[in-house]
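We did not get these values from a lab; they are worked out from the coordinates using the rules stated. Every value quoted in this text rests on a predicted model; they were computed, and no experiment measured them. Reconstructed Cβ throughout: ideal geometry from the backbone, glycine too, with neighbour counts over all protein chains shown.
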């Protein structure tokens, strides 16, 4: 896997993942809570690895 996320993109994903996880923990319940936790986990994993499969699919590369 070749990195295709730049530093700003990775930072934004981490921040968004933290916000989503906090929102799911504090104000959501049920199915919506589970969905938001999964989205937060995906964002955190892609930020950690620097690779996004959707970016590859659409030919996007923010890693300069």
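Can we say residue 63 is in a loop (DSSP other than H, G, I, E, B), in contact with a helix residue (DSSP H, G or I) (Cβ under 7 Å, 6 or more places away or on another chain) and touching a residue at least 24 places away in the same chain (Cβ under 8 Å)?
Spelling it out, it is not the case that residue 63 is in a loop (DSSP other than H, G, I, E, B), in contact with a helix residue (DSSP H, G or I) (Cβ under 7 Å, 6 or more places away or on another chain) and touching a residue at least 24 places away in the same chain (Cβ under 8 Å).
When you check residue 50 against the structure, is it in contact (Cβ under 8 Å) with a residue 12 or more places away in the chain, on the phi > 0 side of the Ramachandran plot and surrounded by 12 or more Cβ atoms within 10 Å (Cβ to Cβ), yes or no?
Here the answer is yes, as residue 50 does meet what is asked.
Being under 11 Å from the mean Cα position of the chain (by Cα) and surrounded by fewer than 14 Cβ atoms within 10 Å (Cβ to Cβ) is the filter here; which residues of region 1-18 pass it?
Correct list: 11, 15, 18.
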